[in-house]
Amino acid sequence: MNPKPNHKLTEGHKMWLTVMSVFAVYATIFILFEDYDRKFLMPFDEVSDWHLLLFSLAVMAVLAFLLFRYARRMDERISREQAEKENRMRRELTQNIAHELKTPVASILGYTETILDNPAISDDMSRQFIVRTHSQAQRLTALLQDISTLNKMDYAPDLLKMERVDVSALFADIVQETALAIDARQMTLRNYLPQDIIVQGNPSLLYSIFRNLVDNAVSYAGRGSVVEVSAVEQPHHWQFTFKDNGIGIPAEHQPRIFERFYRIDKGRSRDMGGTGLGLAIVKNAVLLHGGNITISNAEPSGLKFEFTLSKKSQAQ
Ligand code: ATP
Ligand code: MG
């Protein structure tokens with residue numbers, strides 16, 4: 001999915017280089033020690049050292065040629081398989097997007113048609129339908145926004161503006177913005193983040209990381225649950241822990257939870273306005289900030305996310 005050119009050595013070439021290095025070491029030993037270890041390296045006295053060396057070089061050249069061809073074929077196969085996988089993922093993604101767009105669009109059409117086709121509909125009823133239409137339109141906007149964020153990270157990460165971001169202040173804002181929702185579910189949000197967590201990053205993506213995690217805890221952890229956020233400073237990055245003591249995610253779902261559109265209880269998640277893009281955005285944003293993220297069960301219950309954010313971002 002990432003169109004950035006890959007300057008790393010391919011697997012095939014790594015193998016080829018390894019074998020060639022072994023040969024080079026062999027030839028060096030042969031030249032350096034031919035007088036000292038004649039018996040070990042050259043058991044046939046009648047063949048001169050130089051003939052044997054030339055013969056070895058010829059064998060090396062033929063082997064190098066064969067290995068090079070094999071490595072090229074191997075790389076071609078790997079990139080063909082990768083291209084097929086990417087195509088399959090793109091097709092699935094388009095299908096998922098179409099599917100997710102269909103539901104709110106169908107609702108909007110249904111509600112507005114009902115109002116238009118029934119001029120005698122009561123004011124109360126028509127207001128109810130307009131409110132529902134509005135919330136479906138909001139859902140569509142959020143979905144399109146998420147898709148656009150992921151697209152930006154996939155195809156134009158270099159265009160993302162990186163600046164000095166105070167993560168402690170950013171999270172304090174999120175705590176305020178979500179206070180009503182947290183209270184409404186009798187939840188507690190414990191913010192143990194130290195002051196002045198500064199990273200070089202994209203403010204909107206960093207906001208998305210923490211906002212998605214808080215929103216998820218609010219939506220899924222359950223009434224009365226407790227959410228804790230903490231961070232430890234390391235020389236080059238910050239190590240964050242975000243955990244709740246709610247219902248958690250069964251272990252078998254955890255490896256796939258960062259995939260786009262992956263939801264555990266599709267019906268329940270969709271009722272809560274979820275499309276399954278939140279954690280995909282979180283993961284991509286963390287990677288883009290030179291970090292990584294893992295998910296595990298919290299003790300004694302709930303979910304724990306551990307992730308790092310590099311102090312100096314790699315994206316620019
Ligand atoms: P979106 O975030 O795009 O609106 P979503 O919340 O369904 O939709 P994700 O944020 O990717 O998508 O979460 C994927 C799924 O993981 C959710 O549907 C939910 O089932 C589960 N989940 C996420 N966070 C928690 C949590 N803190 N506790 C329990 N389940 C969770
Ligand atoms: Mg979510």
Looking only at segment 223-247, count how many residues are open to solvent by less than 30 Å² (accessible area, probe 1.4 Å) and within 15 Å of ligand 2 (Cβ to nearest atom). 4
Matching residues in segment 147-177 - criterion: being within 16 Å of ligand 2 (Cβ to nearest atom) and either open to solvent by less than 40 Å² (accessible area, probe 1.4 Å) or in contact with a strand residue (DSSP E or B) (Cβ under 7 Å, 6 or more places away or on another chain) (or both): I147, T149, L150, I174
Taking segment 285-299 and keeping residues assigned to a loop (DSSP other than H, G, I, E, B) and open to solvent by less than 20 Å² (accessible area, probe 1.4 Å) leaves H289, G291, A298
Conditions (1) of a type outside the set (D, E); (2) farther than 20 Å from A231 by Cβ; (3) assigned by TED's automatic domain parsing to the domain that holds I197 -> V167 fails only (2)
In segment 187-212, the residues that are under 17 Å from the mean Cα position of the chain (by Cα) and among the hydroxyl-bearing types (S, T, Y): S204, Y207, S208
Count of segment 196-222 residues which are of a type outside the set (S, T, Y) and more than 16 Å from ligand 2 (Cβ to nearest atom): 9
Regarding segment 205-214, can at least one residue be identified that is surrounded by fewer than 19 Cβ atoms within 10 Å (Cβ to Cβ), away from ligand 1 (no atom under 16 Å from the Cβ) and either over 21 Å from G246 (Cβ atoms) or among the aromatic types (F, W, Y) (or both)? no
Could we say that G246 is under 30 Å from R132 (Cα atoms) and in contact (Cβ under 8 Å) with a residue 24 or more places away in the chain here? yes
Report yes if M74 is part of a helix (DSSP H, G or I), at pLDDT 85 or above and either more than 30 Å from L277 (Cβ to Cβ) or open to solvent by less than 80 Å² (accessible area, probe 1.4 Å) (or both), otherwise no. yes
Scanning segment 131-157 residue by residue, the ones that are under 30 Å from G290 (Cβ atoms) and over 17 Å from the mean Cα position of the chain (by Cα) total 4
State yes or no: is Y262 within 30 Å of S107 (Cβ to Cβ) and in a loop (DSSP other than H, G, I, E, B)? yes
Scan A83, A98 and give me the residue that is surrounded by 10 or more Cβ atoms within 10 Å (Cβ to Cβ), modelled with pLDDT of 80 or more and out of contact with any strand residue (DSSP E or B) (no Cβ under 8 Å at 6 or more places or on another chain). A83
Against the definition (assigned to a strand (DSSP E or B), open to solvent by 20 Å² or more (accessible area, probe 1.4 Å) and within 16 Å of ligand 1 (Cβ to nearest atom)), how does R190 come out, yes or no? yes
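The values are calculated or read from the model by the stated rules, or taken from the named source; none is laboratory data. Owing to the predicted nature of the structure, the values given are computational and were not obtained by experimental measurement. Here the Cβ is made from the backbone with ideal geometry for all residues, glycine too, and neighbour counts use every protein chain on show. Calculation scope for accessible area: heavy atoms of the full protein, side chains included, ligands and nucleic acids excluded. Shrake-Rupley method; radii C 1.70, N 1.55, O 1.52, S 1.80 Å.
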